[in-house]
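The values are calculated or read from the model by the stated rules, or taken from the named source; none is laboratory data. This structure is a prediction, so every number in the text was calculated from the model and none was measured. Cβ sites come from the backbone with ideal geometry, for glycine too, and all protein chains shown count toward neighbours. For accessibility, only protein heavy atoms count, side chains too; no ligands or nucleic acids. Shrake-Rupley method; radii C 1.70, N 1.55, O 1.52, S 1.80 Å.
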Amino acid sequence: MIDPVSGGSGEGTAGKLRLNLGCGLRREPGFLNVDKFGECEPDLVWDLERLPWPWPDNSAVEIRLIHVLEHLGRTTESFFGIMKELYRVCAGGATVVIHVPHFRHDDFFNDPTHVRVITPTMLGLFDRDQNLDLQARGGANSPLALYTGTHFKMASALTIVDKRWKDRVDRGEISWDQLRDAYEKFNNVAAEFHMVLSVVKPS
Ligand SMILES: C[S@@+](CC[C@H](N)C(=O)[O-])C[C@H]1O[C@@H](n2cnc3c(N)ncnc32)[C@H](O)[C@@H]1O
């Protein structure tokens, strides 16, 4: 039985929590599966826009938000609140796995509960080192890590190609260069971004 707060089954769970936030029907074994709606039978029913989240500081080693972050934080202030909670709950070195629909794919537009565009470049603004570097070079980008007191490093960022375009490459109809060109010009070429953030905390 998973405890809904510690995520473990007893003592010694600090810093070992694995959270699958906005799990929907895709429950992950070994994770505390959390959703706003009880119909999908999560381990914990919780509205992630209700802050603070119910987990202690530095308690999680992995958090997954699979097609969830684009649903959260309609206002800038509430989005910052969610990023701050992600940072607070994660232990140093924890990973945050984020999958979102690409902002130029119909899947993004067709769901009225999508409230904001999420891109690797935007999440890169929560990297404190990048903020300081850009400030030193006179950059105008918003230093979101400095605003929110967070520090996330982009460990990996993949652009997932829509299956119809990937199939065209696989059949030899177009080259990867032509695919890149199409990506610049058309909607529905890229389907998703898959990102992993690494949490940096003072030791
Ligand atoms: C597109 S579904 C993705 C479900 C699952 N992660 C998957 O990959 O199949 C988005 C999920 O986020 C949940 N969700 C949306 N807003 C939420 C909130 N404020 N708090 C908790 N869960 C939320 C929804 O209930 C839904 O299950």
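A few comments on the model shown:
- Look at the range 34-49: where a residue is free of Cβ contacts under 8 Å to residues at least 12 places away in the same chain and a partner is near the ligand (Cβ under 9 Å from one of its atoms) and part of a strand (DSSP E or B), sitting 6+ places away or on another chain with Cβ atoms under 8 Å, you get 37/45; 38/45; 45/34; 45/35.
- Yes/no for residue 43 being open to solvent by 80 Å² or more (accessible area, probe 1.4 Å), more than 10 Å from the ligand (Cβ to nearest atom) and not hydrophobic (A, V, I, L, M, F, W, C): no
- Total residues in the range 140-188, condition farther than 30 Å from residue 85 by Cα, open to solvent by 100 Å² or more (accessible area, probe 1.4 Å) and touching a helix residue (DSSP H, G or I) at 6+ places or on another chain (Cβ under 8 Å): 1
- Applying the condition of being in a helix (DSSP H, G or I) and within 9 Å of the ligand (Cβ to nearest atom) to the range 48-81 and asking which residue is surrounded by the fewest Cβ atoms within 10 Å (Cβ to Cβ) yields 71.
- Listed conditions (1) open to solvent by less than 20 Å² (accessible area, probe 1.4 Å); (2) within 14 Å of the ligand (Cβ to nearest atom) are all met by residue 94, apart from (2).
- Looking across the range 28-37, the residues that are near the ligand (Cβ under 10 Å from one of its atoms) and open to solvent by less than 80 Å² (accessible area, probe 1.4 Å) come down to 28, 33, 34, 35.
- The range 147-194: number of residues that are farther than 17 Å from residue 121 by Cβ and aliphatic (A, V, I, L, M): 7
To keep it simple, each residue is scored yes or no on (1) of a type outside the set (D, E, K, R); (2) in contact (Cβ under 8 Å) with a residue 24 or more places away in the chain.
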{"residue": "73", "(1), (2)": "yes, yes"}
{"residue": "79", "(1), (2)": "yes, yes"}
{"residue": "85", "(1), (2)": "no, yes"}
{"residue": "89", "(1), (2)": "yes, yes"}
{"residue": "100", "(1), (2)": "yes, yes"}
{"residue": "107", "(1), (2)": "no, yes"}
{"residue": "112", "(1), (2)": "yes, no"}
{"residue": "123", "(1), (2)": "yes, yes"}
